[in-house]
Amino acid sequence: MIVQLEQHITDEQLTSLRNKLTELGLKITEVKTQKARYFVALGRQEFDIRLVGKQPGVRDVHRVTDAYKLVSRKWKVHPTVIDLGDDVRVEEGGCALMLGPCSLENEVQVRHTAEFLASKGVKIMRGGAFKPRSSPYSFRGLGIEGLKMFSSVVRPLGIKVISEVLEISQIREMYDYVDIYQVGTRNTQNFNLLHELGRVDKPVLIKRGMSGTLEELLQSAEYVFANGNEKIILCERGIRTYEKAYRNTLDLNAVPVLKEKSHLPVVVDPSHGIGIRRHVTPLALAAVMAGADGILAEIHEAPECALSDADQTLNFDEATSLIEGCVRTLQLRQELL
Ligand code: PEP
Ligand code: MN
């Protein structure tokens, strides 16, 4: 059960409500986010929820039977809008494009990509400074200095920054230089990291674990919300299956189903989802048709020279097709569905 509290609930009201819920055999977790205050109350006993609803200081009460609570659509039917400022939003009904290299490599690369994106009206650029690589001998990113360079080049062009955070100590270090923290597939169940991201007031994009179920992804999002941060974006990026013909199996079923289960926006990463450059754009368009609220994809001026994920990275012409295709597909979806 989720009990939404009045913003100005008094300490006495809070104590008496806590006592009432405890009497009903419920275990309570108090949650305070940027937007509101809640009690998440868990328990098995049947009781009339109107008993709780009429307590002073209570705004609303909802029974949520899912394992995840605060990220469920069962209590919040209105979709969450991620507002990045300057008229840039990730939201239902839109298609937020987050394009850029897998790894930040140097200032020229970042500048050329950012100028290309600005010329196409793309408002969010991706780029990893801290790279989780399967081999310790692969390029592992430019680190914090690269991220500082990234934000100093792209922000003056009106472009927002998304970049991956690998560990708790980087949250503070990155704070001034990112607009969205990306949690990668290898960290989807790093609950300590997720918990700490609950303490920041910037959006967090959580990728689906490569062997993770949708419920596990939603539980990961719940960690962030439950520690105070409601600004969460879910990302389908492909899962590992028995199929070896492509890097991952992009599970587009996840899009409508996640959107039904949760009020959070859902974006799709077709680059990691298939890992094959020529198939990235068609899958991006399929994702938009399936209801994705945005696309996260890898682009590079000269993909064959990219220091990571070259095989799945689009050049600027291919990226132009993706951008234009997403706009047209979104219009078509609105007409057809
Ligand atoms: C990335 O976006 O470059 C990345 C490492 O993604 P994932 O966590 O999906 O593998
Ligand atoms: Mn990558």
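The values are calculated or read from the model by the stated rules, or taken from the named source; none is laboratory data. Computed from a predicted structure; not experimentally measured. Here the Cβ is made from the backbone with ideal geometry for all residues, glycine too, and neighbour counts use every protein chain on show. Surface areas here come from the heavy atoms of the whole protein model, side chains and all, with no ligands, DNA or RNA. Shrake-Rupley method; radii C 1.70, N 1.55, O 1.52, S 1.80 Å.
Below, the figures for the structure above:
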| item | result |
| --- | --- |
| Selection from A129, G198, V81, by position along the positive dipole direction of the chain (Cβ) | G198 |
| Rounded, prolate or oblate (a/c below 1.5 giving rounded, otherwise prolate when a/b exceeds b/c) for the range 82-336 by Cα gyration tensor | rounded |
| Net length gained if the chain between L332 and K35 were fully extended (0.36 nm per residue, minus Cα distance) | 103.5 nm |
| Sequence of K123, K76, K69 from largest to smallest accessible area, 1.4 Å probe | K123, K76, K69 |
| Fraction of accessible area attributable to carbon and sulfur, the chain (%, probe 1.4 Å) | 48 percent |
| Gaussian network model of the chain, springs between alpha carbon atoms under 10 Å - residue of G238, G57, G209 with greatest fluctuation | G57 |
| Debye intensity ratio in log₁₀ form over the Cα atoms of the range 15-84, taken at each q of 0.12 Å⁻¹ | -0.35 |
| Highest-fluctuation residue, K32, K20, K259 considered, GNM on the chain with Cα pairs under 10 Å | K20 |
| Pairs beyond 30 Å (Cα-Cα), from K27/K54; K32/K259; K131/K244; K27/K261; K202/K244; K120/K261 | K202/K244; K120/K261 |
